Amino acid sequence: MSALATPALQSRLPNVGTTIFTVMSALAAEKGAVNLGQGFPDFGCDPQLTGAVTDAMNAGLNQYPPMTGVPELRRAVSAKIQSLYGRHYDEASEITVTAGATQAILTIILAVVHPGDEVIVLEPCYDSYVPNIELAGGVVVRVPLTPGSFRPDFDKIAAALSPRTRAILINSPHNPSATVWTRAEMLQLQELLAPTNVMLISDEVYEHMVFDAPQRQHHSAASFAGLAARTFIVSSFGKTYHVTGWKVGFVAAPAALSAEFRKVHQFNVFTVNTPMQHALARYMQSPAPYLELPAFYQRKRDLFRAGLEHTRFKLLPSEGSYFQCVDISAVSDLGEADFCKWLTSEVGVAAIPLSAFYGDGFDQRVVRFCYAKKDETLNAALERLAKL
């Protein structure tokens, strides 16, 4: 009798291996390094929020909620968008609660992208975008943001548009570069897309982390009528409330787009953790936590940048998100990935190479730190980085 053999499998994602985030986090743990690589806080959330989860559980709110999300939470999201960006989204037909922003983006792409459709991504980009498009059978069209400034190049975006373009994916505030799109840039995008049927997927998970107000602010696609009509807006409660492990986000989109989104959503997750939805709805009754978030992170940004001024790193602007990019040219001759491994092993601080966010591994001697950390974590990292 022959041994049973596992059938050979043709991979749906043949080019995907272990992510740089996993590699660097493992190396940081092995070397006892301060991990400023992966983008998540090392501090807790407001105890009122976890208390609200306990209250919801104890109140028996532990069964399936509606597929689209708890009505109170969708109502709170609608009110927030109306208040901040001046556009009303109907809570019943235009807002859907998701299992985090990453699931939201995959679901959008599966809902709108057909095999052979082209989807424009602006590089450097978050690592889930390209595999999501490939899983849907779409064709990835990579357009670089301007090296150095990471501003959108509208001539290159215009040149990438074709009759086969189904969607374009943008991200502001931007991970990994920490740039924030201006009102003028959003208007230019609106003008560029106006004569087309191209969908916009607007990844706005860092919407409440924009610094140096009032001269800089977040410009949501919801604020522009011509964009809002074609846009799926994605945001994250995990980023906003320091609970990334909860994996709860939302999508806001016109009713016709939301209807197609929900067709996929109901079969790839169906619904999202019930007591946490109720807790978030209750917590959102006060806008203070998200309105105060820019000042909270700007202080951490300024602390971290002040410490980096004593190194040979060249600091790039950090306009939003919780990331700080630095040019390593004056510190080392190594490429970005090798430098990050050296920095983790020899200096004891983990960072992420920007080349990991490009399909071709474009190396411009820039690495990314995350400063969503306790002050003592940042100070420990700065003490080690001072050697540079």
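Residues in segment 110-152 that are at positive phi and surrounded by fewer than 22 Cβ atoms within 10 Å (Cβ to Cβ) were compared, and the one that is modelled with the lowest pLDDT is 148. Within segment 362-381, the residues that satisfy the criterion of being outside any loop (DSSP other than H, G, I, E, B) and either of a type in the set (A, V, I, L, M, F, W, C) or on the phi > 0 side of the Ramachandran plot (or both) are 366, 367, 369, 370, 378, 380, 381. A count restricted to segment 178-231 and to residues that are on the phi > 0 side of the Ramachandran plot and hydrophobic (A, V, I, L, M, F, W, C) stands at 1. Within the set 141, 180, the sole residue that is in contact with a strand residue (DSSP E or B) (Cβ under 8 Å, 6 or more places away or on another chain), part of a loop (DSSP other than H, G, I, E, B) and of a type in the set (A, V, I, L, M, F, W, C) turns out to be 180.
If the condition is being surrounded by fewer than 24 Cβ atoms within 10 Å (Cβ to Cβ) and part of a helix (DSSP H, G or I), then segment 342-353 contributes 342, 345, 346, 347.
Of everything listed in (1) loosely packed, with under 10 Cβ neighbours inside 10 Å; (2) in contact (Cβ under 8 Å) with a residue 40 or more places away in the chain; (3) over 17 Å from residue 373 (Cα atoms), the single unmet condition for residue 31 is (1).
The set of residues in segment 297-322 being part of a helix (DSSP H, G or I), surrounded by 14 or more Cβ atoms within 10 Å (Cβ to Cβ) and free of Cβ contacts under 8 Å to residues at least 24 places away in the same chain consists of 305 alone.
Suppose the filter is without any contact (Cβ under 8 Å) to a residue 60 or more places away in the chain, of a type in the set (Gly, Ala, Ser) and assigned by TED's automatic domain parsing to the domain that holds residue 365; does residue 329 pass it?
Working: without any contact (Cβ under 8 Å) to a residue 60 or more places away in the chain: yes; of a type in the set (Gly, Ala, Ser): yes; assigned by TED's automatic domain parsing to the domain that holds residue 365: yes.
Yes: the conditions hold for residue 329.
Sub-6 Å Cβ pairs linking a first residue in segment 161-175 that is touching a residue at least 24 places away in the same chain (Cβ under 8 Å) to a second residue that is crowded, with 24+ Cβ neighbours inside 10 Å and of a type in the set (Gly, Ala, Ser), at least 6 apart or interchain, are 170/202; 173/320; 173/321; 175/321, ordered by first then second residue. Kindly evaluate residue 356 against the criterion of being in contact (Cβ under 8 Å) with a residue 60 or more places away in the chain and either under 22 Å from residue 303 (Cβ atoms) or touching a Leu at 6+ places or on another chain (Cβ under 7 Å) (or both). The answer is no for residue 356. The single condition from (1) in a strand (DSSP E or B); (2) crowded, with 23+ Cβ neighbours inside 10 Å that residue 166 fails is (2).
Go through segment 329-341 residue by residue and tally those that are surrounded by fewer than 24 Cβ atoms within 10 Å (Cβ to Cβ) and out of contact with any Ser or Thr (no Cβ under 7 Å at 6 or more places or on another chain). Selection size over segment 329-341: 9. Looking at segment 87-98, can you tell me whether even one residue there is in contact (Cβ under 8 Å) with a residue 12 or more places away in the chain and assigned to a helix (DSSP H, G or I)? No, segment 87-98 has no match at all. Can you tell me which residue is nearest to residue 264 (Cα to Cα) among those in segment 123-149 that are of a type in the set (A, V, I, L, M, F, W, C) and in contact (Cβ under 8 Å) with a residue 60 or more places away in the chain? The residue in question is 135.
Every condition in (1) within 30 Å of residue 227 (Cβ to Cβ); (2) touching a strand residue (DSSP E or B) at 6+ places or on another chain (Cβ under 9 Å); (3) part of a loop (DSSP other than H, G, I, E, B) holds for residue 78 except the one numbered (3).
Going through segment 34-48 one residue at a time, which ones are over 22 Å from the mean Cα position of the chain (by Cα) and touching a residue at least 60 places away in the same chain (Cβ under 8 Å)?
Here is the first cut: in segment 34-48, the residues over 22 Å from the mean Cα position of the chain (by Cα) are 34, 47-48.
34, 48, listed by residue number.
The values are calculated or read from the model by the stated rules, or taken from the named source; none is laboratory data. In this text the structure is predicted, and so the values were computed from the model without any measurement. Don't worry about glycine lacking a Cβ; one is built from the backbone with ideal geometry, like all the others, and counts go over all protein chains shown.
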